[in-house]
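No value in this document is a laboratory result; all are computed from the given coordinates. Computed from a prediction, not measured in an experiment: that's the story for all the values here. Neighbour counts are summed over all protein chains in view; Cβ atoms, including those assigned to glycine, are modelled from backbone coordinates with ideal geometry.
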Amino acid sequence: MRAKEQILRAAERLFAERGFTVSLREISVAAGQRNHSAVQYHFGGKAGLIDALYEYRMAPLNLRRLQLIAGLRTGGLERDLPALVEAYVAPLAEHVLAHRGASWYLRFASRYVLSGGYRSWPYSSDHHPGASELFGLFLECLPALTGERLRVLHLHIVMVLADIEQRLTDPAFDDGLAAAALADLRTTALALLTAPPTPHAGGPERTPAG
């Protein structure tokens with residue numbers, strides 16, 4: 001494994017476990033780098049490291065999501081809410097199941113969301129054009145959908161998947177239990193989208209362009 005990938009994986013785990021106060025030196029040590037300035041050399045600092053970590057994980061996930069969206073459009077399902085929810089959840093769920101015990105990505109992402117780290121909520125188009133496209137399709141289906149409701153949807157999906165990722169480190173949490181938890185996530189995500197708006201919502205909000 002190349003040094004940069006070793007650093008990214010070490011950073012992902014340490015950020016997920018301990019938050020973003022972890023020092024670059026600690027990350028270098030955890031990645032097995034003799035040069036304790038290796039993170040600075042490869043990524044320029046913590047902000048560059050976090051950005052690179054998103055690119056490392058999200059590039060294949062975004063490609064998968066774009067493929068799913070293309071399939072929906074080909075099949076005329078771009079107004080089918082359960083299919084849209086599946087296109088949102090599936091790439092992340094597949095990642096969690098395929099990397100059992102080897103990825104901390106959803107736990108890292110949950111930490112980052114709660115830290116207020118997103119500058120362009122909930123995704124920037126640089127890393128997440130597939131998610132941005134899906135949010136647009138959600139709004140076409142549900143014109144009264146608010147930005148706050150989309151934010152809750154995003155938080156719900158990320159936090160539940162982070163919990164499933166953690167539970168998969170326990171051998172007793174087998175594939176059947178994981179599948180049941182993911183099925184429940186799909187159901188509750190759809191319910192979040194279709195629940196009536198709250199009276200104080202103040203009308204539809206659009207997510208920021210990103």
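Order of TYR41, TYR88, TYR112, TYR56 from fewest to most other C-beta atoms within 10 Å?
Numbers: TYR41 13, TYR88 25, TYR112 19, TYR56 16.
Ascending number of Cβ neighbours within 10 Å: TYR41, TYR56, TYR112, TYR88.
For the chain, with only Lys/Arg (+1) and Asp/Glu (-1) charged at the beta-carbon, what is the dipole magnitude about the Cα centre, in debye rounded to 20?
Details: 22 positive and 21 negative charges, 134 e Å.
Roughly 640 debye, rounded to the nearest 20.
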Going by how many other Cβ atoms sit within 10 Å of their own, how do VAL29, VAL22, VAL85 line up, fewest first? VAL29, VAL22, VAL85
Bin width 10 Å, origin at 0, all Cα-Cα pairs of the stretch 158-201: what percent of pairs per bin? 25, 42, 21, 11, 2
In bins 10 Å wide, starting from 0, what share of all Cα pairs of the stretch 17-138 does each bin hold, as a percent? 11, 37, 32, 14, 5, 0
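Packing-wise, with mean Cβ within 10 Å as the measure, how do 94-101, 145-152 rank, highest first?
Details: 94-101: 14.8, 145-152: 18.0.
Averaged packing, sorted descending, gives the order 145-152, 94-101.
For a distance above 18 Å, tell me the whole-number percent of Cα pairs in the stretch 126-172 that qualify. Kindly include the intermediate steps, with their values, before the conclusion.
Working: 494 of 1081 pairs.
Roughly 46 percent, rounded to a whole number.
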Over 31 Å apart: what share of the alpha carbon pairs of the chain falls there, rounded to a whole percent? 23
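Normalising by the residue count of the stretch 1-44, find the relative contact order in percent from Cα pairs under 8 Å and 6+ residues apart. Write out the running numbers ahead of the final one.
Working: 34 pairs, mean separation 16.8, N = 44.
Contact order relative to length: 38 percent.
Once you keep just the Cα pairs under 8 angstrom separated by 6 or more residues, what percentage relative contact order results for the chain?
Numbers: 208 pairs, mean separation 48.0, N = 210.
Worked out over the chain, it gives 23 percent.
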Among GLY176, GLY71, GLY45: highest mean-square fluctuation, GNM of the chain, C-alpha pairs under 10 Å: GLY176
Got a sec? How would SER28, SER110, SER115 order by Cβ neighbour count within 10 Å, fewest to most? SER115, SER110, SER28
